[in-house]
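Remarks on the structure that follows.
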Amino acid sequence: METKWMTKGNCRNKAPEVFFPSDGLGVEVAKKICETCKVKNLCLSHAIENRIDHGVWGGTSERQRRRLRKEQQLIAVGF
């Protein structure tokens, strides 16, 4: 998968640990960085397609991405 878009992300100059927080406050800090990111949608798609279960990607938490994957599965089967 193409990942050149990563060099344009708001995260490019941040420590990776920021996006792999151990608490809810850390998640909110990371999501705030993602809010204005111009590649946020590509980042989220990358995380969902590659089933990345850890960290904040595309402005979403691990829990939010699990929920999005479930919704996509339900749509795919016609619910």
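All of the numbers you see were taken from the coordinates with simple rules; none came from a lab. Keep in mind the model is a prediction, meaning the values are calculated, not measured. Cβ: placed from backbone, ideal geometry, glycine included. Neighbour counts: every protein chain shown.
Among the residues examined, Asn41 does not qualify as under 14 Å from the mean Cα position of the chain (by Cα), polar (S, T, N, Q) and exposed (fewer than 12 other Cβ atoms within 10 Å of the Cβ).
Looking only at the range 11-22, decide whether some residue is touching a Leu at 6+ places or on another chain (Cβ under 7 Å), touching a residue at least 24 places away in the same chain (Cβ under 8 Å) and surrounded by 13 or more Cβ atoms within 10 Å (Cβ to Cβ). No, the range 11-22 has no match at all. Considering only the range 28-59, state which residues are among the β-branched types (Val, Ile, Thr) and touching a Lys or Arg at 6+ places or on another chain (Cβ under 9 Å). Passing the criteria: Ile33, Val39, Ile48, Ile52, Val56. When Ala76, Ala30 are checked against the criterion of being surrounded by 12 or more Cβ atoms within 10 Å (Cβ to Cβ), farther than 17 Å from Thr7 by Cβ, out of contact with any His (no Cβ under 6 Å at 6 or more places or on another chain) and hydrophobic (A, V, I, L, M, F, W, C), Ala30 stands alone in meeting it.
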